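Below is one structure, written out as structure tokens; the observations come after it.
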Amino acid sequence: MGGFIDAALGFPAVLFSFLLVVVVGYWGLVLVGGADLDLLGGGVDADGLDGDAGDAGEAGGLGGFFAWLGFGGVPVTVIVSLLVAFAWFASLAGTVALGTTDLNGGLMVVLSLLVVVVALILAFGITRVLAGLLSRIMPVGPQPSRGDFMGATCVIRTGSVTATFGQAEVHAVDGSSSIIQVRQPGDEKLRAGSKAIIYDFDADGEFFWVMPAESAGLSDRSA
């Protein structure tokens, strides 16, 4: 165990050991709910657009850079974590190999720097292959926005909807469903299972205003 720690803290593996500790700590926080999975900007699609809902459609940033490198379709945090993990493992193997030699001085420094370069190249190649595989099972793209729900038909999921309480299920264009907070003014109350039309959003209260679908006289758009 002591030999492993010495190698992990030896040059050049130590360059990636600190980063690996950060990565492990980050995923630990994600598991306990203390950190956001999209901490570094969500994911990027194949065209280099940020997959975060708030920035969808705007290229650039860290997501755009990784998409330019060929990592599109995978969350940025996953890409960075894989790069660090593989680079650390490769550099650790190189550090152990160099430790078995009797080299020292300038030649040792040159070989250590070469290990860093090789570790980065290997990490890049392996991560790019894995990113291609992961993008097929965890696609990242623009997420539905609140504006997409305007005019949509929703189904009431609470016993009733009032001016202060209510929830409904609505389906986005991509087929995904969401439970949203809804409110209805007036005396006519919507009941569980009835359909309503979303016609406005209250940004302060974070809820949608709805009306009965029959009253609106509109056809269902996304029931």
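The values are calculated or read from the model by the stated rules, or taken from the named source; none is laboratory data. It should be emphasised that the depicted structure is a prediction, and the values quoted were computed from it without experimental measurement. All Cβ positions, glycine included, derive from the backbone under ideal geometry; neighbour counts span all protein chains shown. Keep in mind that these areas ignore ligands, DNA and RNA; they rest on the heavy atoms of the full protein, side chains included. Shrake-Rupley method; radii C 1.70, N 1.55, O 1.52, S 1.80 Å.
Search the stretch 3-16 for residues that are under 10 Å from VAL116 (Cα atoms) and open to solvent by less than 50 Å² (accessible area, probe 1.4 Å) and pair each with any residue that is part of a helix (DSSP H, G or I) and not aliphatic (A, V, I, L, M) when their beta-carbon atoms are under 6 Å apart and the residues are at least 6 apart or on different chains.
Between residues of the stretch 3-16 that are under 10 Å from VAL116 (Cα atoms) and open to solvent by less than 50 Å² (accessible area, probe 1.4 Å) and residues that are part of a helix (DSSP H, G or I) and not aliphatic (A, V, I, L, M), the close pairs are PRO12/SER91; PRO12/SER112; ALA13/SER91; ALA13/THR95; PHE16/TRP88; PHE16/SER91.
Of the residues ASP174, ASP220, which is open to solvent by 50 Å² or more (accessible area, probe 1.4 Å), at pLDDT below 90, within 30 Å of VAL78 (Cα to Cα) and not in a strand (DSSP E or B)?
When all the criteria are applied, what remains is ASP174.
Only one of (1) under 30 Å from LEU92 (Cβ atoms); (2) modelled with pLDDT of 85 or more fails for ALA203. Which number is that?
(1)
What residue, of VAL78, VAL21, VAL84, is within 19 Å of ILE121 (Cβ to Cβ) and either at pLDDT 80 or above or not in a helix (DSSP H, G or I) (or both)?
Numbers: VAL78 fails: within 19 Å of ILE121 (Cβ to Cβ); VAL21 fails: within 19 Å of ILE121 (Cβ to Cβ).
None of the others qualify; the one that does is VAL84.
Pick from the stretch 148-162 the residues that are open to solvent by 50 Å² or more (accessible area, probe 1.4 Å) and not basic (Lys, Arg): which of them is modelled with the lowest pLDDT?
By that ranking, first place goes to ASP148.
Consider only pairs whose beta carbons are under 8 Å apart and that are at least six residues apart or on different chains; among these, list those whose first residue lies in the stretch 144-164 and is more than 14 Å from PHE207 (Cα to Cα) and whose second residue is part of a loop (DSSP other than H, G, I, E, B) and among the acidic types (Asp, Glu).
Every condition considered, the pairs that remain are PRO144/ASP174; THR153/ASP220.
Counting only residues that are part of a strand (DSSP E or B) and of a type outside the set (D, E, K, R), which one in the stretch 156-171 is farthest from PRO212 (Cα to Cα)?
This residue is HIS171.
Restricting to the stretch 96-131, what's the tally of residues that are touching a residue at least 40 places away in the same chain (Cβ under 8 Å) and either assigned to a loop (DSSP other than H, G, I, E, B) or open to solvent by 90 Å² or more (accessible area, probe 1.4 Å) (or both)?
So the first thing to find is which residues in the stretch 96-131 are touching a residue at least 40 places away in the same chain (Cβ under 8 Å), and the list is 96, 99, 112-113, 115-116, 119, 123-124, 126-128, 130-131.
Next cut, either assigned to a loop (DSSP other than H, G, I, E, B) or open to solvent by 90 Å² or more (accessible area, probe 1.4 Å) (or both) only: 113, 128.
Number satisfying all stated conditions: 2.
Could you tell me which residue of the stretch 181-203 is farthest from PHE149 (Cα to Cα), considering only residues that are assigned to a loop (DSSP other than H, G, I, E, B) and of a type in the set (A, V, I, L, M, F, W, C)?
ALA192
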